[in-house]
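Here is the structure we will look at, set down as structure tokens.
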Amino acid sequence: MTNALLHNARLIDPEIGSDTLGWLRIEDGAIAEIGEGDRSGGTDCGGLCLAPGIIDLGVKVGEPGERHKESFRTAGAAAAAGGVTTIVTRPDTTTPIDTPEVLDFVRRRGQEAAPVRFRPMAALTKARDGREMTELGFLLDAGAVAFTDGDRVTTDIKVLSRCMTYARSLGALIVAHPQDPGLSVGAAVTSGKFASLRGLPAVSPMAERIGLERDLALVEMTGARYHADQISTTAALPALIRAKAAGLDVTAGVSIHHLTLNELDVADYRTFFKVKPPLRSEDDRIAMVEAVRDGLIDVICSMHTPQDEESKRLPYEAAASGAVGLETLLPAALRLYHAEQLTLPELFRAMSLNPARRLGLPGGRLAKGAPADLVLFDPYAPFVLDRFTLRSKSKNTPFDGQRMQGRIEQTFVGGEMVYDRGAA
């Protein structure tokens, strides 16, 4: 169905910040026309919301090396069911994506197996060990959209500065994890009264500020394009404000878990709530929501990190970090809409428009000529999440058993319907 007319829909346009009843016509996989009001013919959307498909920056897929946790087939199915039309994958695989050959294998697998669009990031340093730069130019030519070592923070500042300098000459984007590794190593929760009562190893929020301040100083020195994958503490925000005010080419993201959960959700050592960085205080959570609303934080992502049962069913300190999020990203984000903390255009600005702009992708918009990558959803439909119904191979979601509000009805990629809840 690369040609279609969808009418009687709430059009969520993050580019102009509108939420209006209207119609949209698809032709040859792209948006051909869009307008307000009613229009006869085609498919009646019944007043449901129609928005640009989500572009999820920072998805972990287990290929190569950990296919038992997640494959491109299952990640793609989960993405389609979650309204995610483009997954931007991390290179922190077993056999890191640090050579053009590995990147080519991953790119081919993603295109063959996933029903949604797939864009890979490549490692910044070989084996992600922070000692030697990868062949950035060759990896760009092979299809890398950005470079990151994930949560392995490069401690050698000279190596990182060289990477940034070379990346700048190529116009490449560096995605970094702002944490001071010396302070954060071994930490399971955020320091404070709760951590002390639970007897868990903790890290101060200042570790994020220190890591970000260091990175931003190097960005100022080199002029590199820089994206902080996750900002989660109030302490880090002043550095981000100064960097943007100074005109540095800097953006920042936050995971949906840090926008909707806090440190108390860990409760009695519930390992599905163990993520990296650890969940923060309620004050920090509210500050992150306000930063998204104000545009200081640009991107909301799932930080989808599948872990098998054996990795999670361990004592909290020993359990693996991470949570799946492709299918829960939009329903969880709608909590902020129902709490009147963010509007739907503000949410899709951070989940669709801004990631597309940062990565130079054509999607993320409801505009003539844009790809017909769309999600149709009912923001008010209630349900109780059962993790065993998730399409991901791994089921490690912190939202298991929770009441959610907002269901994805259909997902389109290039005008083709890749998910239909009625047929699922």
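The values are calculated or read from the model by the stated rules, or taken from the named source; none is laboratory data. It should be emphasised that the depicted structure is a prediction, and the values quoted were computed from it without experimental measurement. Reconstructed Cβ throughout: ideal geometry from the backbone, glycine too, with neighbour counts over all protein chains shown. The area values use the complete protein model at the heavy-atom level, side chains included, leaving out ligands, DNA and RNA. Shrake-Rupley method; radii C 1.70, N 1.55, O 1.52, S 1.80 Å.
Could you tell me whether region 59-72 includes any residue that is under 30 Å from Ser394 (Cβ atoms) and of a type in the set (Val, Ile, Thr)?
Scanning region 59-72 turns up at least one residue that is under 30 Å from Ser394 (Cβ atoms) and of a type in the set (Val, Ile, Thr).
Quick one: how many residues across region 159-175 are in a loop (DSSP other than H, G, I, E, B) and buried (at least 17 other Cβ atoms within 10 Å of the Cβ)?
1
Run down Gly171, Gly182 and say which single residue is more than 17 Å from Asp56 (Cα to Cα) and modelled with pLDDT under 95.
Gly182 is the lone residue from the list that is more than 17 Å from Asp56 (Cα to Cα) and modelled with pLDDT under 95.
Answer yes or no as to whether Thr125 is at pLDDT 95 or above, under 30 Å from Asp378 (Cα atoms), in contact with an Asp or Glu (Cβ under 8 Å, 6 or more places away or on another chain) and crowded, with 19+ Cβ neighbours inside 10 Å.
no
Quick one: how many residues across region 241-283 are in contact with a Cys (Cβ under 9 Å, 6 or more places away or on another chain) and not polar (S, T, N, Q)?
Qualifying residue count, region 241-283: 3.
When region 17-35 is examined, which residues are found to be open to solvent by 30 Å² or more (accessible area, probe 1.4 Å), over 15 Å from Leu376 (Cβ atoms) and touching a residue at least 24 places away in the same chain (Cβ under 8 Å)?
Across region 17-35, the qualifying residues are Gly17, Glu27, Asp28, Glu33.
Return the total of residues in region 350-390 being among the β-branched types (Val, Ile, Thr) and under 14 Å from Leu11 (Cβ atoms).
1
Among Arg128, Arg214, Arg108, which is of a type outside the set (Gly, Ala, Ser) and on the phi > 0 side of the Ramachandran plot?
Arg128
I need the full set of residues from region 47-66 which are at negative phi and not in a strand (DSSP E or B), in order please.
Leu48, Gly53, Lys60, Val61, Gly62, Glu63, Pro64, Glu66
Could you run through region 46-70 and say how many residues are under 21 Å from Gly17 (Cα atoms) and open to solvent by 10 Å² or more (accessible area, probe 1.4 Å)?
The total comes to 2.
If you take the residues of region 177-206 that are closer than 14 Å to Ala228 by Cα and open to solvent by less than 20 Å² (accessible area, probe 1.4 Å), which of them is farthest from the chain's Cα centre (by Cα)?
So, considering only residues that are closer than 14 Å to Ala228 by Cα and open to solvent by less than 20 Å² (accessible area, probe 1.4 Å), the one farthest from the chain's Cα centre (by Cα) is Gln179.
What is the number of the single condition among (1) assigned to a helix (DSSP H, G or I); (2) open to solvent by 10 Å² or more (accessible area, probe 1.4 Å) that Leu259 does not meet?
With respect to (1) assigned to a helix (DSSP H, G or I); (2) open to solvent by 10 Å² or more (accessible area, probe 1.4 Å), Leu259 is out only on (2).
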